[in-house]
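In what follows, a single structure is set out as structure tokens and then discussed.
The values are calculated or read from the model by the stated rules, or taken from the named source; none is laboratory data. It should be emphasised that the depicted structure is a prediction, and the values quoted were computed from it without experimental measurement. All Cβ positions, even for glycine, are placed from backbone atoms using ideal geometry, and neighbour counts span all protein chains on display.
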Amino acid sequence: MGSNIAKFLIDGGYEIISPLDERSKSTKDRANKMGIKNCHTLENAIDNSQLLISILVPSEALGLSEKLARLDSKTKNSILFADLNAIAPNTTIKMENNLKNTKITFVDGGIIGGPPKDTNFPRVYISGSNSYKLAELNNKGMKIIDMGGNIGDASAIKMAYASITKGYSSLLLGAMFLAIKSNNYDLLIKEIESSQPNVFKDLNNLNSIPSKAHRWIGEMYEISKTYEGYELSGSFHEAAATIYEEVSNSLLGKNRPSNNQINFKGKEFFEKLMR
């Protein structure tokens with residue numbers, strides 16, 4: 001997601017830099033292909049930018065705000081920081097608190113939709129008193145939707161949306177694992193194809209899960225915290241996290257193949273997600 005958005009921003013006339021020294025070779029190669037320049041350190045990124053956009057594995061988001069706070073005394077630049085990670089509103093508020101009394105201005109955000117392609121852009125919901133400062137990025141790889149309001153509002157709508165889409169995928173996976181373990185897979189699939197054709201179609205569109213499951217574990221826990229923060233049960237998405245953890249620990253999950261590298265489907269696909 002991040003590199004694709006960066007490419008659109010670069011095409012729109014922006015210079016994009018990122019500290020890439022400790023990233024994997026594939027990440028460095030992708031960044032180079034997109035035109036992202038290596039600034040080597042987070043400190044350099046702050047001192048040579050006007051805006052820092054964070055799109056990370058959800059479990060790493062809070063830690064970044066702590067690093068930024070520690071670097072504040074070493075950096076000279078005032079910067080706008082847009083956190084676009086899939087995290088709970090309470091986590092977002094903790095991030096804002098970490099950055100109080102620093103030179104960093106915080107904006108809450110959440111991405112809904114896939115990576116930008118052609119004129120099909122993900123929606124980026126933003127909130128907080130400084131959200132208006134991102135208006136110029138609208139239609140540059142993102143459809144900016146400014147909610148105004150408070151820090152946490154944008155994260156809340158992202159969490160609600162992801163609780164449906166990624167929660168649903170975990171439910172499909174869990175049902176297939178149960179059917180295989182109980183030796184009912186073929187009969188269940190036949191019934192679903194007959195009585196739930198839309199669900200049958202969805203079951204055949206899960207090829208991207210192995211490459212994403214490791215990212216979604218933390219996101220499920222963030223969704224669970226969001227539900228609990230609004231006095232709702234977070235148990236479903238805690239369970240969803242265990243489904244994605246199982247997938248992440250499978251051979252497919254560890255290899256993280258792209259969609260076009262998966263040349264098997266149906267029962268064989270789901271069985272490989274259980275190993």
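Condition test on S250, is it over 19 Å from S59 (Cβ atoms), polar (S, T, N, Q), surrounded by 15 or more Cβ atoms within 10 Å (Cβ to Cβ) and not assigned by TED's automatic domain parsing to the domain that holds T27? Against the criterion (over 19 Å from S59 (Cβ atoms), polar (S, T, N, Q), surrounded by 15 or more Cβ atoms within 10 Å (Cβ to Cβ) and not assigned by TED's automatic domain parsing to the domain that holds T27), S250 qualifies.
For the stretch 94-137, the tally of residues that are under 18 Å from the mean Cα position of the chain (by Cα) and under 26 Å from Y221 (Cα atoms) stands at 16. Mind checking which residues of the stretch 1-28 are over 22 Å from the mean Cα position of the chain (by Cα) and either among the hydroxyl-bearing types (S, T, Y) or assigned to a helix (DSSP H, G or I) (or both)? D11, Y14, listed by residue number.
Note on the stretch 56-92: residues that are among the β-branched types (V, I, T) and surrounded by fewer than 18 Cβ atoms within 10 Å (Cβ to Cβ) amount to 1.
Residues that are closer than 30 Å to Y14 by Cα, among the charged types (D, E, K, R) and in contact with a Leu (Cβ under 8 Å, 6 or more places away or on another chain) do not occur anywhere in the stretch 120-130.
Tell me which residues, restricted to the stretch 227-241, are part of a loop (DSSP other than H, G, I, E, B) and either among the aromatic types (F, W, Y) or buried (at least 19 other Cβ atoms within 10 Å of the Cβ) (or both).
Of everything in the stretch 227-241, those that are part of a loop (DSSP other than H, G, I, E, B) and either among the aromatic types (F, W, Y) or buried (at least 19 other Cβ atoms within 10 Å of the Cβ) (or both) turn out to be Y230, G234.
Going through (1) within 21 Å of the chain's Cα centre (by Cα); (2) free of Cβ contacts under 8 Å to residues at least 12 places away in the same chain one by one, L232 falls short only on (1).
For A179, are the conditions met, namely being touching a residue at least 40 places away in the same chain (Cβ under 8 Å) and either closer than 16 Å to G218 by Cα or crowded, with 18+ Cβ neighbours inside 10 Å (or both)? No. Here are some residues: S59, S54. Which one is touching a strand residue (DSSP E or B) at 6+ places or on another chain (Cβ under 6 Å), closer than 24 Å to A241 by Cα, among the hydroxyl-bearing types (S, T, Y) and in contact (Cβ under 8 Å) with a residue 12 or more places away in the chain? Answer to the check: S54. Number of residues in the stretch 77-94 that are without any contact (Cβ under 8 Å) to a residue 40 or more places away in the chain and more than 14 Å from I126 (Cβ to Cβ) equals 4.
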